[in-house]
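Okay, structure first, notes after.
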Amino acid sequence: MITAKTWKYGFTNGLKTSYLLLKVIIPVFALLMVWEDTPVRGWIAQYCDPLMRFVGLPGEAALAVVTGMFLNLYAAIGIVFALGLTAWQITIIAVILSCCHELVIETAIVKKTGIRAWPILGIRLATAFGAGVLLNVFGIMTL
């Protein structure tokens, strides 16, 4: 049964979770806004542009994808907000990162179970970028 205590508990937990997420998203967003005025963002975008274009994203999106793959999804969300991407591009990033996120931590966990990590890592990367390519093709077909 839902009581006032349930609502209070849920509200308190929601605020705590929001605070934890904002502690990651806001600094990453601010850092990216500062980087916008430096050549670093342009270098990253230029270097990664060919691969990102293959999945229908601008080169700058590589920063969000790599951050989500190696650090965490919340930092990637902060970057995505700063990039001003379209809804379709955000969908592509979301699908890619759904397949392939937090690789360092999750690969270590896989290794602890006794499974060889390299095949799993390869499958996750191939699935992520394969899904990105399919979404890009689907998006092009619907234009």
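The values are calculated or read from the model by the stated rules, or taken from the named source; none is laboratory data. These numbers were taken from a predicted model, which means no experiment stands behind them. Using ideal geometry, Cβ is built from the backbone for each residue, glycine included, and neighbour counts are taken over all protein chains shown. Ligands, DNA and RNA are excluded from the accessible area calculation, which covers all protein heavy atoms including side chains. Shrake-Rupley method; radii C 1.70, N 1.55, O 1.52, S 1.80 Å.
Against the chain, whose longest principal axis is taken from its Cα atoms, helix 73-83 shows a tilt of about 60°. Solvent-accessible surface of the chain, taken per residue with a 1.4 Å probe and all protein chains present: 66 Å². Labels on offer are [x] 166; [y] 133; [z] 107, and the one holding volume of the Cα convex hull per residue in Å³ computed from this structure is [x]. The apolar share of the surface of the range 8-98, taken as the fraction of accessible area on carbon and sulfur atoms (1.4 Å probe, ligands and nucleic acids excluded), comes to 73 percent. First check a/c for the range 10-90, with a ≥ b ≥ c the square roots of the eigenvalues of its C-alpha gyration tensor; if it is under 1.5, answer rounded, and if not, answer prolate when a/b is larger than b/c or oblate otherwise. Prolate, since a/c reaches 1.5 and a/b exceeds b/c.
On C-alpha positions alone, give me the angle between the axis of helix 87-99 and the longest principal axis of the chain, in degrees, nearest 10. Taking Cα atoms only, the helix is inclined about 80 degrees. Calculated over the range 101-143, the projected area of the Cα convex hull averaged across directions stands at 3.2 nm².
So if R0 is 25 Å, what FRET efficiency would residue 51 and residue 108 give, r being the distance between their Cβ atoms, rounded to the nearest 0.05?
Efficiency, rounded to the nearest 0.05: 0.50.
Placing a pseudo-label 7 Å from each Cα along the Cα-to-Cβ vector at residue 138 and residue 120 gives an inter-label distance of 2.7 nm. Sorting 106-116, 1-11 by their mean Cβ neighbour count within 10 Å, with the most densely packed peptide first, gives 106-116, 1-11. Against the chain, whose longest principal axis is taken from its Cα atoms, helix 4-35 shows a tilt of about 30°. Distance from the alpha carbon centroid of the range 7-35 to that of the range 49-85 works out to 19 angstrom. Take residue 73: with every protein chain present and a 1.4 Å probe, its accessible area is about 60 Å².
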